[in-house]
């Protein structure tokens, strides 16, 4: 608790730098990541993150010091180069994009490791801490770092703000953007450059391997809550910042704990919650909606079967046995049993000694389903010229979907017909 | 002798990875290989922690389970969660890798693994880490036995399941029609990839395994259009990569695994520029002849 107050009161200037730094780092990658996510190029960020390493090492080898600005320039150059290489390979050979990404990612990283170990073995004292690029060091950011990355992050956010509308069109419909006369190639290049910038900046917080998470995961989580780009950007940024600050707090209290992995675990937890429980798009809600739909279809099919049996022997008031139902239509026995119980609870069926019988409400509902089925069959044969023996399957599906308004229109269009293509009577009210 | 053991280990690892990689890149699952190689980390650490030893069998099981779990999670997020494929991969492997690193930090001192080793391994220690039998006979470096054993398993899978893997790779719907379970062979392939990754982990680390998985088959892919030839070429490229990498590493005093990945990249670049199948040069030439013939025709 003490540590909590100490950390979040931001009294200690060091902590202030760390918190400010992480907010800038995570926010910029979340914003850029949203656009790469929408372009389905998430894994490109992963490649850039790995490709940054040789650039950092080369910059160090040339300058023989850890000047943050030079390291950033080095990182930027190889990060950018990696994207050019991926693009060249996929454009000029039969190699697919995923292979090109994996290839560039691992080879650039291999070169980086080769250079890094070479530097470490050279005995140059200034090199210590260079490997913090591998795993990040958000909890140990210095004022100098924060200033350098702060400027980059602000620049990045400003560019996104200025080109917001253009990026939005580009992300959703590239062809439309071209038709509008937007400079698509230049915009894509800008976005690529921003991705590299975000990686170069963010890598300080979480390191090479986990950088991909800072680009992908906040956007993926935000996508489950909204369809609007502006809200998605705000949510992604918020998720990123929350995980960044919490991660730094954890490694502040438990010093043995690395910051980067904790940041990633927290953003992953946020994402996991979003995947499952976000309203409408979450897995939980999707499955429930599916189950409800399946139940509704089953119920309507059961009532329809009662109605069909009633039509066969001209008596809708007779009780139907279990076997009779199964002979008339194929049901999975377990589902049929549940469905019958449910319909009885809802007042569509009554239980009698000989079986189940339709109530008035059940009769109406079964009749409506049959009516919709036959109306649709007739519509298909009359207006789409489909042979009568080909329309049943389609009607089996559509009968559960047609709304009362559509039903009205169908009836009017067909002129309240009396029989369907199979000469069965269409039951009206 | 030392050089021999290192090059041999490198070749064994690169061959197992490369052979499996052929299937991965043709199935457009190259990034799945990347994801699995990262995601097995928590499995390895937990196996270390639970058994308390560097017992290879436990590690292989732990990682194999994690590898299959990874494929399952990615598939689940993509199909059930309707999350786009690239993001499903990215979210899954980063979170599992992060958990792995946290576990290493939490068990620091109890587990003989460090973060750098995870990233790029230490193939230089291969000749020192000998396998000594109970009778006291020295049986050679342990890594040779492990990577050799894995290579045999990979070869068994590929030779026994050649037809099945071939069909499910090139024409999954036809494979389904003739009664070959696409899902089963996918799972077997992914299990093999996870196992190979783990066995290679100690010597080359998580990320360089990816270089071995993707670079040699991608190079071979540029050199031929025949699948069998592609497999054989991969083996040759694996040997070149391993030998060249060792020489380079000694020359500039750096990580051997890093140097091997560098060589793998250089070999790819050569094939890309000069290769007969869609190399830059051959494409230019084709274009030139085409232009010439159009001009002469006109």
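Filtered by the rule that a residue be closer than 16 Å to residue A:171 by Cα and part of a helix (DSSP H, G or I), segment A:223-235 gives A:223, A:229, A:230, A:231, A:232, A:233. Restricting attention to segment A:326-349, and to residues there that are in a helix (DSSP H, G or I) and in contact with a strand residue (DSSP E or B) (Cβ under 8 Å, 6 or more places away or on another chain), which single residue is farthest from residue A:297 (Cα to Cα)? The qualifying residue farthest from residue A:297 (Cα to Cα) is A:344. Among residues that are within 13 Å of another protein chain (Cβ to nearest Cβ), under 28 Å from residue B:238 (Cβ atoms) and crowded, with 24+ Cβ neighbours inside 10 Å, residue B:33 is included.
Checking each residue in segment B:65-84 for being crowded, with 22+ Cβ neighbours inside 10 Å and away from every other protein chain (no Cβ under 14 Å) picks out B:66, B:67, B:71.
Considering the conditions (1) over 18 Å from residue B:154 (Cβ atoms); (2) within 14 Å of chain A (Cβ to nearest Cβ); (3) part of a helix (DSSP H, G or I), residue B:25 is excluded by exactly one of them, (1).
Of the residues in segment B:226-242, at least one is buried (at least 24 other Cβ atoms within 10 Å of the Cβ) and under 25 Å from residue A:208 (Cβ atoms).
In the set (1) over 28 Å from residue A:242 (Cα atoms); (2) within 13 Å of chain B (Cβ to nearest Cβ); (3) out of contact with any helix residue (DSSP H, G or I) (no Cβ under 6 Å at 6 or more places or on another chain), residue A:64 fails one condition alone, (2).
Yes/no matrix, rows are residues, columns are (1) at pLDDT below 90; (2) assigned to a loop (DSSP other than H, G, I, E, B); (3) within 12 Å of chain A (Cβ to nearest Cβ); (4) surrounded by fewer than 19 Cβ atoms within 10 Å (Cβ to Cβ):
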residue	(1), (2), (3), (4)
B:102	yes, no, yes, no
B:119	yes, no, yes, no
B:139	yes, no, no, yes
B:146	yes, no, no, no
B:153	no, no, no, yes
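Within segment A:87-101, identify whether any single residue is facing chain B (nearest Cβ under 9 Å) and under 28 Å from residue B:251 (Cβ atoms), and answer yes or no. Yes: segment A:87-101 contains one or more residues that are facing chain B (nearest Cβ under 9 Å) and under 28 Å from residue B:251 (Cβ atoms).
Quick check, is residue A:106 on the phi < 0 side of the Ramachandran plot and out of contact with any helix residue (DSSP H, G or I) (no Cβ under 7 Å at 6 or more places or on another chain)? No: the conditions fail for residue A:106.
Kindly evaluate residue A:251 against the criterion of being buried (at least 22 other Cβ atoms within 10 Å of the Cβ), in contact (Cβ under 8 Å) with a residue 12 or more places away in the chain and more than 24 Å from the chain's Cα centre (by Cα). Considered against the rule, which asks whether it is buried (at least 22 other Cβ atoms within 10 Å of the Cβ), in contact (Cβ under 8 Å) with a residue 12 or more places away in the chain and more than 24 Å from the chain's Cα centre (by Cα), residue A:251 comes out as yes. Restricting segment A:359-411 to residues that are touching a residue at least 60 places away in the same chain (Cβ under 8 Å) and outside any helix (DSSP H, G or I), the residue that is nearest to the chain's Cα centre (by Cα) is A:400. Set side by side, the residues A:74, A:55, A:21, A:112 differ, and just one is facing chain B (nearest Cβ under 9 Å) and closer than 22 Å to residue A:215 by Cβ, which is A:112.
Residues checked against (1) assigned to a helix (DSSP H, G or I); (2) more than 10 Å from chain B (Cβ to nearest Cβ):
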residue	(1), (2)
A:268	yes, no
A:280	no, yes
A:299	yes, yes
A:308	yes, yes
A:314	no, yes
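Return yes or no: is residue A:235 surrounded by fewer than 24 Cβ atoms within 10 Å (Cβ to Cβ), touching a strand residue (DSSP E or B) at 6+ places or on another chain (Cβ under 8 Å), more than 8 Å from every other protein chain (Cβ to nearest Cβ) and free of Cβ contacts under 8 Å to residues at least 24 places away in the same chain? Considered against the rule, which asks whether it is surrounded by fewer than 24 Cβ atoms within 10 Å (Cβ to Cβ), touching a strand residue (DSSP E or B) at 6+ places or on another chain (Cβ under 8 Å), more than 8 Å from every other protein chain (Cβ to nearest Cβ) and free of Cβ contacts under 8 Å to residues at least 24 places away in the same chain, residue A:235 comes out as no.
Here is a yes/no grid of residues against (1) outside the structural domain of residue A:395 (by TED's automatic domain parsing); (2) touching a helix residue (DSSP H, G or I) at 6+ places or on another chain (Cβ under 8 Å); (3) at pLDDT below 95:
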| residue | (1), (2), (3) |
| --- | --- |
| A:254 | yes, no, yes |
| A:261 | yes, yes, yes |
| A:291 | no, no, yes |
| A:295 | no, yes, yes |
| A:298 | no, yes, yes |
| A:302 | no, yes, yes |
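The values are calculated or read from the model by the stated rules, or taken from the named source; none is laboratory data. On a predicted model such as this, the values are computed, not experimentally measured, just so you know. No Cβ is skipped: glycine too gets one built from the backbone with ideal geometry, and neighbour counts run over all protein chains shown.
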